[in-house]
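Student: Just passing along the structure, written as structure tokens.
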Amino acid sequence: MADRKSHRQMTSAEQVRRSESRYGRDGGAHVASDSTTHDTSRGSRRGQHIATRADGAQSYAQRIKKKRRKRVLTIVLAVVLVAFVGVGAAAAAFLVRLNNNIQSTDSELVERFSEPVAMQDPFYMLLLGVDKSEGRSEDWGADASNFRSDTIILARIDAPAQKVTLVSIPRDTLVDMGVNGERKINDAYSLGGGDYMTDVVEDLVNQKTDVHIRISAYAEVDFEQFTSIVDAIGGVEVTLPVDVVDDQYAHINLEAGTHLLDGETALALVRSRHAYDSYGGGDFYRAANQRMVIGAIVKKILSLDAAGMLGAVDTLTQSVTTTLSITDLASLAMQFQNFDVDTGFYTGQAPTESQYLNSVWYEFLDLEGWSEMMDRVDSGLPPYSDESQDFTQGVAGSIGVSSGGNGETDEKEDEDVEEPVFSGSVLVLNGAGVSGLAGSKSETLIEAGFEADSGNADGSHGTSQIYYNGDAHAVALGVAETLGVSEDNIKENDQGLSTDYDIVVVLGTDQAQ
């Protein structure tokens, strides 16, 4: 994965060559920004000053001197709510009220996510923070076309493995939106709301990597409620590697070290990006702080007693819109009762390269790095293979795990490596609902040296699982390698599946490619 720090120092000529090489542009091509088309030909840039991110701060200050609107980071309540412990039938009325608080009223979203989420399997969820503050709505109107999603997080939630992974996608990432042209990804919300943003994020994975995902749930957070969320749980504890000083914009001045933050201060921290101007793109460090605060909220809620949790959840649901019901979230919470934020909470950021074109900053995906990251995420690993890939480390705050480079989560690397065996009997069950899939995979296994039969599984499955009987773990490793299934999805057969075979494979939609 490319070294992000070096990308901040590209010359104008290098930027032009990289842009033209990547997109094959000629003098008449263009890149669209938030709402304006910009000419990016060589002639238009000749003699142009290429600013640094830090230079942009002064220009930004002049533009908003007369009016400053709160831009608050999203706190992903759907992830926070996995800490909610169900309280039984006596709380039915309370749950109904909570459900009414959080349920999406967007008909397109409701229709899109009408299929129940298979929570026994890992699933993906899109988490957005959109500025719909009262002042902005009064100025521009309440229609979705007037808003952009300043915070975009793709979450993978794996209840059986007790893992939650958050991957931030920079809001300035340039993507091809088909008939809408090349635009910053945060424009997608203004063009088509949460439904269209879901399409764009799915495409960013499915068309740019070897991983195929389906986003099964959606959550959107009201910025204005952030302070009450943190105050409702008695504040959150964070550790900052460096001083965070942003008096002009976010109004924050915190020394390096550990702090217990109230709602107002936590809000300032997750809003602040200009505190990091001297390190490069402040958005990236702000995004890392966002993920840290999300983890801190989850950790704090897990420490509360039942009464404290109920009060916190009541406050939380007043600021979230989601396609999940409170029953869904309570079900997840029951599965996450033993969740350890320090070891099971994974975070990272889509790798991009910054370019300054016609007075506008864009982020271009590092396609090789993005593919590597999503392959790890989809396999249940931390986003980074090595801590050096996280250039925000040691500057922005962090919580949980970002990489497997320190042996924190890649525990198998410290154990004796078991060699895979490419022989034995295998039953392949089709749980993807794709005709002929089990038969096709059986043929693949036979060609590799296995004996294989096929059949159908009960129900539908998103992620493929490999179950072994007896001491056939090495055979399961061979099957996993042959089919391209993660070793993390190998389990002992305790599901009541057939014991007439060494291995039983339950194919999910991830194999239907």
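The values are calculated or read from the model by the stated rules, or taken from the named source; none is laboratory data. Please read all numbers here as calculations on a predicted model, not as lab measurements. Cβ atoms come from the backbone with ideal geometry, glycine included; neighbour counts cover every protein chain shown. The area values use the complete protein model at the heavy-atom level, side chains included, leaving out ligands, DNA and RNA. Shrake-Rupley method; radii C 1.70, N 1.55, O 1.52, S 1.80 Å.
Student: Confirm whether D199 is outside any loop (DSSP other than H, G, I, E, B), closer than 17 Å to E220 by Cβ and at pLDDT below 95.
Tutor: Here the answer is no, as D199 does not meet what is asked.
Student: For residues that are assigned to a strand (DSSP E or B) and under 30 Å from F123 (Cβ atoms), scanning just the stretch 231-273, find the one that is most open to solvent (accessible area, probe 1.4 Å).
Tutor: Checking each candidate, the answer is E237.
Student: Looking only at the stretch 322-331, decide whether some residue is under 21 Å from A396 (Cβ atoms) and open to solvent by 10 Å² or more (accessible area, probe 1.4 Å).
Tutor: Within the stretch 322-331, none of the residues are under 21 Å from A396 (Cβ atoms) and open to solvent by 10 Å² or more (accessible area, probe 1.4 Å).
Student: Of these, A476, A432, which one is small (G, A, S), touching a residue at least 12 places away in the same chain (Cβ under 8 Å) and not in a loop (DSSP other than H, G, I, E, B)?
Tutor: A476
Student: May I pose another question? How many residues are touching a residue at least 40 places away in the same chain (Cβ under 8 Å), part of a strand (DSSP E or B) and either out of contact with any Phe, Trp or Tyr (no Cβ under 9 Å at 6 or more places or on another chain) or open to solvent by less than 40 Å² (accessible area, probe 1.4 Å) (or both) if we restrict to the stretch 436-465?
Tutor: Total meeting the criteria: 1.
Student: Kindly provide the set of residues from the stretch 315-339 that are part of a helix (DSSP H, G or I) and under 16 Å from I297 (Cβ atoms), ordered by number.
Tutor: Selection gives T315, L316, T317, Q318, S319, L329, L332, A333.
Student: Hey, can you tell me all the residues within the stretch 221-235 that are at negative phi and in contact with an Asp or Glu (Cβ under 9 Å, 6 or more places away or on another chain)?
Tutor: F223, E224, T227, V230, D231, A232
Student: Open to solvent by 10 Å² or more (accessible area, probe 1.4 Å) and under 30 Å from G462 (Cα atoms): which single residue out of S216, S278, S228 fits that description?
Tutor: Going through S216, S278, S228 in turn, the sole match is S216.
Student: Across the stretch 356-377, which residue is farthest from the chain's Cα centre (by Cα) among those that are open to solvent by less than 10 Å² (accessible area, probe 1.4 Å) and farther than 12 Å from K184 by Cβ?
Tutor: It comes out as G369.
Student: Further question: With the structure loaded, tell me whether G380 is closer than 30 Å to G257 by Cα and open to solvent by less than 50 Å² (accessible area, probe 1.4 Å) or whether it fails that test.
Tutor: Spelling it out, it is not the case that G380 is closer than 30 Å to G257 by Cα and open to solvent by less than 50 Å² (accessible area, probe 1.4 Å).
Student: Next question. Which of (1) under 18 Å from P122 (Cβ atoms); (2) open to solvent by 10 Å² or more (accessible area, probe 1.4 Å) is the odd one out, the single condition V179 does not satisfy?
Tutor: For V179, the exception is condition (1).
Student: Could you list, in sequence order, the residues of the stretch 383-394 that are crowded, with 18+ Cβ neighbours inside 10 Å and either at pLDDT below 95 or of a type in the set (D, E) (or both)?
Tutor: Once the filter is applied, which keeps residues that are crowded, with 18+ Cβ neighbours inside 10 Å and either at pLDDT below 95 or of a type in the set (D, E) (or both), the stretch 383-394 yields Q389, D390, F391, T392.
Student: Turning to a different aspect of this structure: Select from the stretch 332-355 the residues that are open to solvent by less than 10 Å² (accessible area, probe 1.4 Å) and of a type in the set (A, V, I, L, M) and write down the one among them that is nearest to M292 (Cα to Cα).
Tutor: Top of the filtered list is V341.
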